[in-house]
Amino acid sequence: MPGKPAVQIAPAEGKLGILIPGMGAVTTTFIAGLEAIKRGLGRPIGSLTQLGTVRLGKRTEGRSPAIRDFVPLAPIENIVIGGWDIFEDNAYEAATKAGVLEPALLEQLKEPLSAVKPMQAVFDREFVKRLDGPNVKPKGSKMDHAEMVMDDIRRFQASTGASRLAMIWCASTEVFRQPAAVHATLKDFECGLQKNDPEISPSQIYAYAAVKSGLPYANGAPHMTTDTPALLELARNRNVPLAGKDFKSGQTFMKTLIAPGLKSRLLGLSGWFSTNILGNRDGEVLDDPGSFRSKEVSKSSALEYILQGHLYPDLYREFYHKVRIEYYPPRGDAKEGWDNIDIFGWLGYPMQIKINFLCRDSILAAPLVLDIVLFMDLAQRAGLRGIQEWLSFYFKAPMHAPEVYPEHDIFIQLMKLKNTLRWMQGEDLITHLGQEYYD
Ligand SMILES: NC(=O)c1ccc[n+]([C@@H]2O[C@H](COP(=O)([O-])OP(=O)(O)OC[C@H]3O[C@@H](n4cnc5c(N)ncnc54)[C@H](O)[C@@H]3O)[C@@H](O)[C@H]2O)c1
């Protein structure tokens, strides 16, 4: 029987407005997916909030409700979308150019997609070198731009009548940067916005505007945005949840499936070489070394953390890990990834595993966007603030408290996510001990 819920969750009443910087392949596949699902033209495959269940109590109790019946989530029908992009294409035109979904499906969704028109973007070519576009905000200081985004947020809420809002970054990957002096405190950051500090990126301007306006903020790309003391401080002050970063959708998803398995059997690793080809706009942006560096860093850490070479020096101390991404236009969004994994077993005898994943980047990412925004809205209504580590399941480089290492093992991440839902609703946490069945 459920105990007392750990938190009070406000009901998911009214519309939920999702605001998205970047209306490219992932965003338009997400929006078109929502519209297709609402019309019965497709199913939300890949989405835990829509198709997942959560076991409650003992196995003998037979209680496994759908997650969306167990915790109050906004229904898809109540979602309204707005966004920003440096290009003027509406979501129908952008989806057509992205070429992820069949033209015949997009034609059936033309009306709702055409209605989603991007607002003017905050953009700086210093942070995304391979792109330039006309739909940008007028000149002004970085603080002026943050104020303009806050105005956009207010206007969007007024025009849609949304009762709650959340923001998720699905725009291009910005160049790699480390936190600078301007990120040390909120005061430094606000001063930096006024003085146009070159270390403040567009994504940080959107995030500042979102959090300052009380919106949860999630980062789907690998660059640094809210992982700074300044924005963490703002999120704490405003009681706002944060999550990130970099959707764990393709090759790293595979990595975090396989690596825990090798470790569970104490099979050693001498090398892991990952490469992939992709030809969408994301691939073009990642062709720039600065943006690639952001991705490389976020993709590289998972193996080290999962395999814990310091605890298993014979098995994992010295493996060679290399990650490549090749921009190859003919392939479009249909990315192909190869992994060559050199492992060793009993008495050190070598073996190999090859993975050839012929995936579709945005088809894998769209359900993650849906789950993340619904869970961020839940977190907000449950009064959770700051880093939402229970959403690590969705990210390649999960945000985490400074005193702990990030959890990358996807099975632990899923258990953590479901235990968080149980905890919220006052259900027993599942330990998988099971001794009671054998008394
Ligand atoms: N499976 C996946 O697709 C996947 C996985 C992990 C991370 N990501 C990340 O998600 C993001 C989106 O991927 P995508 O395939 O849709 O890319 P995309 O290139 O199709 O779309 C990104 C859009 O962002 C716009 N943009 C760039 N800077 C902007 C700014 N400052 N403000 C507003 N708009 C801006 C671009 O014009 C473009 O339309 C990328 O950062 C990508 O690295 C994607």
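Working carefully through the options PHE123, PHE127, find the one that is assigned to a loop (DSSP other than H, G, I, E, B), near the ligand (Cβ under 10 Å from one of its atoms) and either over 19 Å from HIS223 (Cβ atoms) or at pLDDT 95 or above (or both).
That would be PHE123, the only listed residue that is assigned to a loop (DSSP other than H, G, I, E, B), near the ligand (Cβ under 10 Å from one of its atoms) and either over 19 Å from HIS223 (Cβ atoms) or at pLDDT 95 or above (or both).
For the range 416-428, enumerate the residues that are more than 20 Å from ALA218 (Cα to Cα) and not in a loop (DSSP other than H, G, I, E, B). I'd like the intermediate steps shown before the answer.
Within the range 416-428, the first condition is being more than 20 Å from ALA218 (Cα to Cα), and the residues that meet it are 419, 422-428.
Passing the criteria: ASN419, ARG422, TRP423, MET424.
Just name the residue that is modelled with the lowest pLDDT out of those in the range 285-305 that are within 8 Å of the ligand (Cβ to nearest atom) and either in contact with a strand residue (DSSP E or B) (Cβ under 6 Å, 6 or more places away or on another chain) or aliphatic (A, V, I, L, M) (or both).
Only one residue tops the list, namely LEU286.
Suppose we filter ASP371, ASP333 for residues that are buried (at least 21 other Cβ atoms within 10 Å of the Cβ), within 16 Å of the ligand (Cβ to nearest atom) and not assigned by TED's automatic domain parsing to the domain that holds THR173; which single one remains?
Going through ASP371, ASP333 in turn, the sole match is ASP333.
Only residues in the range 309-327 that are under 12 Å from ASN340 (Cβ atoms) count as the first member; pair them with residues that are hydrophobic (A, V, I, L, M, F, W, C) and not in a strand (DSSP E or B), Cβ under 8 angstrom, at least 6 apart or cross-chain, and list the lot.
HIS321/LEU303
Being within 16 Å of the ligand (Cβ to nearest atom) and under 21 Å from GLY220 (Cα atoms) is the filter here; which residues of the range 153-193 pass it?
Listed by number, the residues that qualify are ILE153, MET167, ILE168, TRP169, CYS170, ALA171, SER172, THR173, GLU174, VAL175, PHE176, ARG177.
Just checking, does the range 12-27 include any residue being more than 15 Å from the ligand (Cβ to nearest atom), touching a residue at least 12 places away in the same chain (Cβ under 8 Å) and farther than 18 Å from VAL80 by Cβ?
no
Give me a count of the residues in the range 46-95 that are away from the ligand (no atom under 12 Å from the Cβ) and either over 21 Å from ASN135 (Cβ atoms) or surrounded by fewer than 15 Cβ atoms within 10 Å (Cβ to Cβ) (or both).
33
Which fully enclosed helices (runs of 4 or more DSSP H) of the range 1-97 have 1 or more residues being under 28 Å from SER114 (Cβ atoms) and among the charged types (D, E, K, R)?
25-38
So that you can scan it fast, the table gives a plain yes or no per residue for (1) in a loop (DSSP other than H, G, I, E, B); (2) of a type in the set (Ser, Thr, Tyr); (3) at pLDDT 95 or above; (4) within 16 Å of the ligand (Cβ to nearest atom):
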site: ILE363; (1), (2), (3), (4): no, no, yes, yes
site: PHE393; (1), (2), (3), (4): no, no, yes, yes
site: PRO402; (1), (2), (3), (4): yes, no, no, no
site: LEU414; (1), (2), (3), (4): no, no, yes, no
site: ILE430; (1), (2), (3), (4): yes, no, no, no
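Give the number of residues within the range 83-110 that are among the aliphatic types (A, V, I, L, M) and free of Cβ contacts under 8 Å to residues at least 60 places away in the same chain.
2
With respect to THR225, determine if the residue is within 13 Å of the ligand (Cβ to nearest atom) and either within 21 Å of PHE393 (Cα to Cα) or part of a loop (DSSP other than H, G, I, E, B) (or both).
Yes.
Quick check: is even one residue across the range 213-221 buried (at least 20 other Cβ atoms within 10 Å of the Cβ), away from the ligand (no atom under 16 Å from the Cβ) and assigned to a helix (DSSP H, G or I)?
No; the residues of the range 213-221 include none that is buried (at least 20 other Cβ atoms within 10 Å of the Cβ), away from the ligand (no atom under 16 Å from the Cβ) and assigned to a helix (DSSP H, G or I).
Take the residues in the range 104-120 that are near the ligand (Cβ under 10 Å from one of its atoms) and not in a loop (DSSP other than H, G, I, E, B), then tell me which one is nearest to PHE176 (Cα to Cα).
This residue is GLN120.
Which ones in the range 228-249 are in a helix (DSSP H, G or I) and of a type in the set (D, E, K, R)? Full working, then the answer.
Here is the first cut: in the range 228-249, the residues in a helix (DSSP H, G or I) are 229-238.
Result: GLU233, ARG236, ARG238.
In the range 352-394, what count of residues is obtained for those that are touching a Phe, Trp or Tyr at 6+ places or on another chain (Cβ under 7 Å) and either free of Cβ contacts under 8 Å to residues at least 12 places away in the same chain or not aliphatic (A, V, I, L, M) (or both)?
Residues meeting the conditions: 3.
The values are calculated or read from the model by the stated rules, or taken from the named source; none is laboratory data. Since we're looking at a predicted model, the values are computed, not measured. FYI the Cβ positions are ideal-geometry reconstructions off the backbone, even for glycines, and counts take in every protein chain you see.
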